[in-house]
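Contents: one structure, followed by commentary.
Bear in mind these aren't lab numbers, they're just calculated from the coordinates by the rules spelled out. Here the structure is a predicted model, which means the values were calculated and not measured. Glycine gets a Cβ as well: all are built from the backbone with ideal geometry, and neighbour counts include every protein chain shown.
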């Protein structure tokens, strides 16, 4: 793996652990696509640092379980603003 890609993978993993952020949040923060973030965390991180991957995986699974709640809240806010 190229040095700059490996560095990006570790930075994204650290960001997700520190903030509990979603793949979308990390993509905005690092100015890359959601697909790139997902590939970095799911495919490249286990090869780079398996222990860190296990920690990140817990956060990603939590975000996946809560996704429908965040989506519903955003929709509620959207229509609440439209009514005003």
Answer label, with log10 I(q)/I(0) by the Debye sum over Cα atoms at q = 0.16, 0.17, 0.19 Å⁻¹ calculated from the coordinates and candidates [x] -0.62, -0.68, -0.80; [y] -0.81, -0.87, -0.98; [z] -0.55, -0.62, -0.77: [x]
Computed [θ] at 222 nm, deg cm²/dmol, the chain (DSSP H ≥ 4; -39,500 (n - 2.57); rounded to nearest 500): -26500 deg cm²/dmol
Cα centroid of region 1-21 to Cα centroid of region 32-62, whole Å: 8 Å
Helix 3-19 axis, angle to the chain major axis (alpha carbon atoms, nearest 10°): 40 degrees
Mean Cα-pair separation over length for the chain, i.e. relative contact order, pairs under 8 Å, 6 or more apart, %: 28 percent
Degrees, to the nearest 10: 50-83 long Cα axis against longest axis of the chain: 20 degrees
Pairwise FRET efficiency - residue 78 versus residue 19, Cβ, R0 = 25 Å, nearest 0.05: 0.60
